1. Could you list, in sequence order, all residues of segment 68-88 that are in contact with a helix residue (DSSP H, G or I) (Cβ under 6 Å, 6 or more places away or on another chain) and over 14 Å from PHE184 (Cα atoms)?
2. Considering segment 175-208 alone, what residues qualify as being β-branched (Val, Ile, Thr) and buried (at least 22 other Cβ atoms within 10 Å of the Cβ)?
3. Within segment 110-208, considering only strands (runs of 3 or more DSSP E) that don't extend past its boundaries, which have at least 3 residues that are within 30 Å of GLN82 (Cα to Cα)?
4. How about segment 130-174: which of its residues are surrounded by 11 or more Cβ atoms within 10 Å (Cβ to Cβ), among the acidic types (Asp, Glu) and either at pLDDT below 95 or over 16 Å from the mean Cα position of the chain (by Cα) (or both)?
5. Given the conditions (1) at pLDDT 95 or above; (2) surrounded by 14 or more Cβ atoms within 10 Å (Cβ to Cβ); (3) over 18 Å from ALA191 (Cβ atoms), report the number of the one that GLY43 does not fulfil.
6. Cβ contacts < 8 Å: first residue over 16 Å from LEU200 (Cα atoms), restricted to segment 54-83; second residue in a helix (DSSP H, G or I), any location; separation 6+ or different chain. Result?
7. Evaluate the following for PHE108: is it surrounded by 17 or more Cβ atoms within 10 Å (Cβ to Cβ) and among the hydrophobic types (A, V, I, L, M, F, W, C)?
Amino acid sequence: MGGLTLRQGAQQRGQEVLPCSLGQASRQRSDATPAMQPQALEGRAQAVAAEAVLLDAAAFRRQKPAAVLSALQTLEDFHKAQASVPDMLSRLTRSWRLVFSGPNKLAFLSYIPVDEDFVVKAEDGSLALESDLGPIRAKFKGRFEWKADSNEMHFAFNQAQADLWGRQVWTKEVDFKPKTYSFFWASDAIACARSSAGTLTLLKALQP
C-alpha cells in the first residue's frame, strides 16, 4: 500500500471451519477425492512449503525478503490455477498486522518497520489503517467494496485521526486515491494479497 505498507502459528479455532493450512486441507480431502496427477501434487507441495515460509516470516521476521517474495508468488500462482476460489471475506473480517510488502528497492524495508494494523469490518463495509508512532496512534478510516468472485477489496480512506495516549486529539476529512487488494490466501493466521500498485503483501492475524 505504499504508505499502506500493509501473531502465531496457524490454528483452527472455535467451531468455524477454516483452511488453516494447505497441508491440512489436503489431508482432509485425501479420502474423498481421486488421486492427483504428479504435476498437481508437486504444485500443492510447493504451495504448502510456501505457506510454511510465510508463517515463519509473519511470526519471527527471520526469512530473507527474497524468500518471502518467492513464497508469496508461489501461493499466488497456485491459487490462480484453481478451478474455483472460495469467498475470503469472512476470514478477513478481523484485525491484521501488516508484516511485509515488496518488492522494495531497499530490501531491508520490505519488513514493515512500524506496527501498522489493517482492520476490516465486513458487517458495515468499513476499514481502518492504524499505525503506532510512539505515544501517538495515527488512524485512517474508510470504506470498502468486496468483489466475491475475485476476492478483490476496493477501498479508500476518507478520514484521518490522531490519538494521544488513547485519547483522540485531532481529526480531519481526507480524500485519498482508491486502492485495491486482490487476496489470494487467507487463513486464521496469515493473509496474502497483491495491491493495485503491484506489490505483494503479507499480513498476520491479530488476536481478537
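The values are calculated or read from the model by the stated rules, or taken from the named source; none is laboratory data. Predicted model, so just to flag it, every value in this text is computed and none were measured. Neighbour counts are summed over all protein chains in view; Cβ atoms, including those assigned to glycine, are modelled from backbone coordinates with ideal geometry.
1. VAL68, the sole residue that qualifies.
2. Going residue by residue through segment 175-208, those that are β-branched (Val, Ile, Thr) are 180, 190, 199, 201.
Passing the criteria: ILE190, THR201.
3. Correct list: 116-121, 136-147, 152-164, 179-186, 190-195, 200-205.
4. Passing the criteria: ASP132, GLU145, ASP163.
5. (1)
6. Pairs found: ARG62/ASP56; ALA81/GLY43.
7. no
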